[in-house]
Amino acid sequence: MFFLVIAFPSAVVLLVEPAPGNNVRPTEDAVWWSVATITTVGYGDRYPVIGEGLPWAMAPMFCVVALFGALRGIVASLFLCRVKEEEDEILVAMRPLRAEIAAARSAQKPPPASPLTPRQPRIAIPTFA
């Protein structure tokens, strides 16, 4: 990961940015620029100046955003696994209770038939002619 996020962009910026106005000259400056970029500090003291270096400057930014997204996903999945285990334990504990409720319902007398027929409304609905 070090190579992908720090070493590779540093080397590319050094190779692509040979312009006289470039302020990323020695290797130490290139590594400093990479670290400042990936930590989102971005002091602005070192930066690529020509067009070919700018896409390579964006590469470590995207890599770090993807890395942090992956780490957040891993942490979230760890929490969700624990919640799933707790849900499974609760469902196992509920099975006997559901069986007991089903047995109680089957032993219960059926409710008496309603005196109302399905076509008989409970309240009178006025009609206007």
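The values are calculated or read from the model by the stated rules, or taken from the named source; none is laboratory data. From a predicted model like this one, the values you see are computed outputs, not experimental measurements. For neighbour counting, all protein chains shown are included, and Cβ atoms are generated from backbone atoms with ideal geometry for every residue, glycine included.
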Residue check, R82 within 31 Å of the chain's Cα centre (by Cα) and without any contact (Cβ under 8 Å) to a residue 12 or more places away in the chain: yes
In segment 40-66, what count of residues is obtained for those that are more than 19 Å from N22 (Cα to Cα) and without any contact (Cβ under 8 Å) to a residue 24 or more places away in the chain? 4
Among the residues of segment 28-42, which ones are surrounded by fewer than 12 Cβ atoms within 10 Å (Cβ to Cβ) and either of a type outside the set (D, E, K, R) or closer than 15 Å to A59 by Cβ (or both)? T39, T40, V41
Could you tell me how many of the residues in segment 1-21 are assigned to a loop (DSSP other than H, G, I, E, B), free of Cβ contacts under 8 Å to residues at least 40 places away in the same chain and exposed (fewer than 14 other Cβ atoms within 10 Å of the Cβ)? 4
Determine whether S114 is polar (S, T, N, Q), loosely packed, with under 10 Cβ neighbours inside 10 Å and either within 25 Å of T39 (Cβ to Cβ) or at pLDDT 80 or above (or both). no
Which is among the acidic types (D, E) and modelled with pLDDT under 80, of D88, D45? D45
Filter segment 90-106 for residues that are among the basic types (K, R) and under 40 Å from the mean Cα position of the chain (by Cα) and give the result. R95, R98
Select from segment 22-43 the residues that are assigned to a loop (DSSP other than H, G, I, E, B) and either over 19 Å from P55 (Cβ atoms) or in contact with a strand residue (DSSP E or B) (Cβ under 6 Å, 6 or more places away or on another chain) (or both) and list them in ascending order. R25, P26, T39, V41, Y43
